[in-house]
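The values are calculated or read from the model by the stated rules, or taken from the named source; none is laboratory data. Please read these numbers as outputs of a predicted model, since none were measured by experiment. Here Cβ is always computed from backbone atoms with ideal geometry, including for glycine, and neighbour counts include all displayed protein chains. To get the accessible areas, we keep the full protein, side chains included, count just its heavy atoms, and leave off ligands, DNA and RNA. Shrake-Rupley method; radii C 1.70, N 1.55, O 1.52, S 1.80 Å.
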Amino acid sequence: MRGREKVIWSTGDVGGQLPAIVFFSRQSSMLNYLQLVFGALVIWLVQRLLSSRKDGSRGVPLPPGPKPKPLIGNALDFPTSRPYEVYVEWGKRYNSDILYATALGNKILIVNKLEDADELLDRRARKYSDRPWIPIVDLTGWAGNTALLRYGKTWRLHRKLCQQSFRAEAAQDFRPLLVKKTREMLHRLLEDPANFDEHSRLLSISVPMITMYGYEVESFQDPCVVAAEESVQTGGDLLLPGRSWINTFPILRHVPPWFPGATTRRIAEKARQINRRVVDLPYEFTKKKVEAGTEIPSFVSQFIRRKQEGKATEEEEEAVRNISWTVYSETALNDLSRCFGYCRSLPCCLHWVKFRSIHQTISATGTFFYLMTVHPEIQKKAQDELDRVVGSERLPDFSDRPSLPYIEALYRELLRFKPPVPMAVAHALTEDDYYKGYFIPKGTMVLPNIWAMTRDENLYPEPEKFKPERFLDASGNLNNDSRVLAYGFGRRICVGKHIGSDTLWIIIASVLASFSIEKCKDALGNEIEVNHDYADVAIFLHKAKFQCTFVPRSPTVRHLIEDSK
């Protein structure tokens, strides 16, 4: 009927709160469309705020925290920098190790003590293993990212495949590749020590590409690396605070890309198309290598072989694509550093997690180089142990790890002293819970404060001192404190932790066996003071740029490095 408007309604549910408006036909009135969208937004916001006040608390109080303001809650209370330190102060102010706050209807629980994190995230994992819902993720094509998956059947399949290939025993298959890539970095340090941070970054890119796809990355201009960076640069801003209303008002995701002013939808659609290329490019490379019989053994090549034998399903193949892409696309995030406040627990922080063991490696490597520069006495102890066990006629390998307790203690203390992810990635609560006399409502995002836990003086006396000896007993053997909090908690613990551990350990052992890391000197021979600052890069803690130099420990080690390449 000419002149009449056509409205299409869906009875689907938007976040369990409001019927979804799909969209008008292109013949619809622009004015009426805007009126309808605005009205829906108002209704959605009112319902969300009202629902946040309805709970099954039965009179049980919420955990302590800052007093919320009308409508916006505590949105203005969340810190804009170093939140992990601010939350420690909140704990002192409110005399509680668990803290509760809200922001525009989002419910957030901050956990400052290890015992509370263990109880909630491990022993009550059935309730605390979800992730917050991020509406923009579905539009950008990142919904398959393993780290972002909601708790359920799809996540369990991904987790199963990860455990099969990345558990402690299986992860050993990747060790020859880790040794190869680490020795390539040693060669770069030998030739160009001033750019040690670039060599570390290239290693962090090379490791996931070769372990996932058997793909050799030679430079930052590699097509796969460029594609991943383009994907993040195109859509990454949409996850930053204030860049998209869709994360605040999910109903806006139904506005079509052609609608005037729907810039977010158009950017998200472009990101989705680029991301398809990011997923397919390295996967198809490995597939062709397998068909030609020239592949380097990798996570993807092993799966493709299984599929050729009829031992894998289409569903598993899609999961393998997602897992491998999650690992590889993470490497593009090293150049993006804009994130603040409570967004570390909301949309933004989850985008940065990806397969965090690899990103942790680049963060931890920077800290390692820095600490060895400013603690030459600790460096010497580690090198003395390497000289006794490994000698000077070869470079260390993984067979030496059980015989190098001080190197192992140094590795553990490194991740305690400056945890690469001070605030662990948010978990989400799938049903109401009660803990320590407090009510924690369904949908609450739970943020474990790893920084606070590693500063607990009851667990780590003198926590601000870098002391590898805290992980050794009186006889110089490793004590029973083998847990590394940096890898997370519960069922959401980092699935790549064994590869991440192996990568960082072989870097530490190989670099210390090969080089003395020293302060740089000026033209007059005076030592240049080291920059001690750190920077928050999204959810990661990175060492700010500083100067040091790498001096080969002997002519023999120089030849060993050159020969290993």
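Whole-Hz Karplus values for region 532-543 come out as 8, 6, 10, 10, 7, 10, 6, 8, 9, 9, 10, 5 Hz, taken residue by residue from phi with 6.51 cos²θ - 1.76 cosθ + 1.60 and θ = phi - 60°; glycine and proline positions read x. Across region 265-282, coupling constants 3J(HN,Hα) worked out from phi with the 6.51/-1.76/1.60 Karplus curve, θ = phi - 60°, read 5, 6, 5, 4, 5, 5, 4, 4, 5, 5, 5, 4, 5, 4, 5, 7, 4, x Hz, and Gly and Pro carry x. When you count the other C-beta atoms within 10 angstrom of each residue and take the mean per peptide, 220-229, 317-326 line up highest first as 317-326, 220-229. A simple packing score, the average count of other Cβ atoms within 10 Å per residue, orders the peptides 258-265, 171-178 as 171-178, 258-265, with the highest score first.
Taking a quarter of the surface of the convex hull around the Cα atoms of region 515-565, what do you get in nm²? Write out the running numbers ahead of the final one.
Values: hull surface 22.4 nm².
With the hull built on Cα positions only, its mean projection is 5.6 nm².
Listed peptides 130-139, 415-424 appear in the order 415-424, 130-139 once ranked by packing, highest mean of other Cβ atoms within 10 Å at the front. Region 205-275 and region 415-486 have Cα centres separated by 32 Å. Couplings for region 176-193, taken from phi via the Karplus curve 6.51 cos²θ - 1.76 cosθ + 1.60 with θ = phi - 60°, read x, 5, 5, 4, 4, 5, 5, 6, 5, 5, 4, 5, 5, 5, 5, 7, 9, x Hz in order; Gly and Pro are left as x.
How large a share of the accessible area of region 496-544, in percent, is made up of carbon and sulfur atoms when the probe is 1.4 Å and the other protein chains stay in place?
Here carbon and sulfur together make up 46 percent of the probe-accessible area.
Taking only protein heavy atoms and a 1.4 Å probe, the accessible area of region 210-309 is 53% carbon and sulfur.
Of all aspartates and glutamates in the structure, the ones whose alpha carbon falls short of 16 Å from that of residue 153, not counting any fewer than 8 places away in one chain, are 130, 314, 315, 316, 317, 318. Checking the cross-link pairs 181/521; 181/381; 113/519; 113/545; 307/497 against a 28 Å limit on the alpha carbon distance flags 181/521; 113/519; 113/545 as lying beyond it. A crude spin-label estimate for the pair residue 308 and residue 143, with each label 7 Å from Cα along the Cβ direction, gives 3.3 nm. Of 554, 81, 301, the order by accessible heavy-atom surface (1.4 Å probe, DNA, RNA and ligands excluded), from most exposed downward, is 81, 554, 301.
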